[in-house]
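A quick write-up on the structure given underneath.
The values are calculated or read from the model by the stated rules, or taken from the named source; none is laboratory data. Nothing here was measured: the structure is a model prediction, and the numbers come from that model. Backbone-built Cβ (ideal geometry, glycine too); neighbour counts: all protein chains shown. Ligands, DNA and RNA are stripped out before the accessible areas are found, and what is left, the full protein with its side chains, is counted by its heavy atoms. Shrake-Rupley method; radii C 1.70, N 1.55, O 1.52, S 1.80 Å.
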Amino acid sequence: QHEEFQDSNLHNSNLILVAIGVILGFVLWLRSHSRRVPAALYLERDWRKVPSWQKMRNQRIAALRQMKTEGIARTMECAGKIDLHTHTLYSDGLLTPAELILSAYRIGLSAIAVTDHDTVDGLEEALEAGEILGVTVVPGFELSMIDESLGLSKLHILTYVPAMNVKEFRRWRR
């Protein structure tokens, strides 16, 4: 009876692998035969592998606008909550600013602070994405310091910039 159970588990595992292969094959076929790139693909790629990912900001923002009009699925598992410490690809995060705000929107966060390490480069895109999706973006950065007197090799201080919109941010940054 134990051998039958192992055989059925192995059979189920093989079926799952075959199903995954079929789905991946279909996605690759669909992608190669599609003339129009779906908006979601601009937001789901690994931007670290694309040398000009920073230059594609306008395409990501346009994709967000398109997705918003088409409707975006939301789980609302974090409805009414906020996150005041996040990072994007501009420092050590995994998502572009638009992807980060989209993720916050999908789970129902009402506000999110973008606090990349020692840079404000992603804030303009994050603020614009927040305006499109209706998510409050708190601009900020995480300042890295070394304080040998405290025995700390590295000290990180979260710093928040006063609330502003995209136009105010552009003026502030100059």
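For this structure, a couple of remarks:
- Qualifying residue in the stretch 130-138 (condition: touching a strand residue (DSSP E or B) at 6+ places or on another chain (Cβ under 6 Å), among the hydroxyl-bearing types (S, T, Y) and more than 17 Å from A62 (Cβ to Cβ)): yes
- Single match in L158, L109, L123 (criterion: surrounded by 12 or more Cβ atoms within 10 Å (Cβ to Cβ) and in contact (Cβ under 8 Å) with a residue 60 or more places away in the chain): L158
- Scan of the stretch 59-77 for residues that are open to solvent by less than 30 Å² (accessible area, probe 1.4 Å) and of a type outside the set (D, E, K, R), ordered by number: I61, A63, L64, M67, I72
- Residue check for T115: touching a strand residue (DSSP E or B) at 6+ places or on another chain (Cβ under 6 Å), open to solvent by less than 70 Å² (accessible area, probe 1.4 Å), farther than 16 Å from R57 by Cβ and among the hydroxyl-bearing types (S, T, Y): yes
- Residue within the stretch 63-73 that is in contact with a His (Cβ under 9 Å, 6 or more places away or on another chain), modelled with pLDDT of 90 or more and closer than 24 Å to T136 by Cβ present: no
- Out of T136, T119, one residue alone is under 16 Å from the mean Cα position of the chain (by Cα) and β-branched (V, I, T). It is T136.
- Cβ pairs under 6 Å, 6+ apart, first in the stretch 77-90 and closer than 17 Å to L123 by Cβ, second acidic (D, E) and at pLDDT 90 or above: H87/D116; T88/D116; Y90/D116
- Enumeration of residues in the stretch 125-157 that are touching a helix residue (DSSP H, G or I) at 6+ places or on another chain (Cβ under 6 Å) and either modelled with pLDDT under 90 or among the charged types (D, E, K, R) (or both): E125, E128
- Qualifying residue in the stretch 158-171 (condition: at pLDDT below 85, closer than 16 Å to D83 by Cα and out of contact with any Ser or Thr (no Cβ under 9 Å at 6 or more places or on another chain)): yes
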